[in-house]
């Protein structure tokens with residue numbers, strides 16, 4: 001609910017005539033949005049992120065309770081095979097909804113000879129210009145899809161996906177051998193299959209009412225965390241034109257506005273109180289420190305001195321034959337390791353590689369789709385890697401300490417995602 005309210009309020013920024021608003025009106029718009037942002041990111045995080053972030057407490061708790069039930073009832077089911085199915089949410093993620101809408105538009109493009117020819121014979125930068133003349137209805141539908149979903153990969157500072165990126169995806173699909181109708185049918189069928197398996201398993205393993213509630217809680221956590229994250233990306237995307245306008249009035253860049261604390265923005269715009277040197281220093285290096293008595297931002301040498309005194313917790317396994325983690329989606333795969341932590345790393349990925357990351361995010365999904373298996377240091381059934389693995393049915397092991405430090409590009413490994421084991425071969 002908080003995420004939906006935040007999305008509703010932040011959308012008002014996109015529809016506001018920002019240049020014609022007064023300074024006070026801009027700040028009112030910002031504060032109204034920030035109210036829901038704080039609740040969504042504060043209260044929401046305590047429910048959907050912190051609950052499982054430390055040592056996968058929720059994931060392991062659900063796992064252990066179901067494991068005990070299977071043992072006590074003498075069930076022949078292997079928990080690793082069914083855990084991902086049981087904890088799959090009934091609701092589809094926003095990424096899944098975009099994929100279905102994308103495929104439906106690809107089907108429409110292929111059904112229209114003129115539009116198909118435009119996509120096949122033009123650069124992405126020229127497609128919309130020619131499509132507007134040839135098929136205004138399709139032109140409008142593509143623009144609507146772009147507006148509805150361009151922010152999915154925005155994260156905290158953008159950029160949003162460009163229209164050309166969407167057009168490029170459609171181009172690749174309609175030029176290739178894959179049939180969008182078959183892909184959509186498979187996508188929907190696999191989703192139904194998982195939900196049907198879920199219903200069948202509930203009957204077969206005879207979960208108690210209490211365990212059903214626990215499993216349902218796991219499903220809701222997975223969905224809420226994913227939805228909350230996308231709502232946050234939407235909000236950050238909506239802030240961008242507001243911050244650009246505030247920066248224009250103050251003679252500052254959007255990066256300098258981003259470097260402000262939220263309570264500094266009203267003072268900057270209404271009182272013209274801000275320190276340009278400090279904002280520039282924060283962009284180079286900044287440490288935000290808080291305790292029960294104070295909140296302070298250190299920059300420059302002060303920040304470096306502070307960091308030398310901080311003891312960071314490190315958890316690494318040694319590669320003695322194998323690494324262990326939590327199964328997120330069962331299955332097995334053999335392949336070549338590619339470390340992918342940033343979008344710039346994605347060019348390394350080839351079909352069938354084993355993708356290893358500290359954690360994944362929506363920007364990395366194109367690479368994840370190529371993977372024979374996914375491995376991440378971030379863990380828990382609510383981590384992004386686990387969510388995408390279940391949606392795409394890719395074998396995955398999460399919660400592997402130091403995975404992207406111990407494994408290296410080019411390593412040949414065998415991933416047993418049913419038992420949470422990675423072995424070098």
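Below is a table of values for the structure above.
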| quantity | calculated |
| --- | --- |
| Cα point-scatterer Debye curve for region 39-120, base-10 log of I(q)/I(0) at q = 0.11, 0.14 Å⁻¹ | -0.60, -0.74 |
| The chain, relative contact order in percent, only Cα pairs under 8 angstrom and at least six apart counted | 18 |
| GNM result for the chain, Cα springs below 10 Å: residue of 396, 76, 162 fluctuating most strongly | 76 |
| Percent of beta bridges antiparallel (DSSP, region 292-377, rounded to nearest 5) | 10 |
| Per-residue [θ]222 nm for the chain (sum of -39500 (n - 2.57) over DSSP H runs n ≥ 4, rounded to 500) | -18500 deg cm²/dmol |
| Inter-part distance where region 126-178 and region 7-30 are each reduced to a Cα centre, Å | 27 |
| Sorted by Cβ neighbour density within 10 Å, fewest at the top, the residues 199, 110 | 199, 110 |
| Antiparallel content of DSSP bridges confined to the chain, in %, to 5 | 70 |
| Ranking of 130, 229 by count of other Cβ atoms within 10 Å, fewest first | 130, 229 |
| Alpha-carbon radius of gyration plus Dmax, which is the widest Cα pair, for the chain in Å | 23.9, 71 |
| Per principal axis, descending, Cα span of region 94-188 in whole Å | 39, 32, 21 |
| Sites residue 194 and residue 302 - FRET efficiency at Förster radius 45 Å, r taken between beta-carbons, to 0.05 | 0.30 |
| Size descriptor, Kirkwood hydrodynamic radius, that averages inverse alpha-carbon separations across region 322-424, Å | 12.5 |
| Scaled radius of gyration (Cα, divided by 2.2 N^0.38 Å) that region 1-42 gives | 1.18 |
| Cα→Cβ-extended label distance, 7 Å offset, between residue 55 and residue 291, nm | 2.5 |
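Read the figures in this text as sums done on the coordinates, not as results from a lab. This is a predicted model, so every value here is computed, not measured. Quick reminder, even Gly has a Cβ in these numbers, built from the backbone with ideal geometry, and neighbours come from all protein chains shown.
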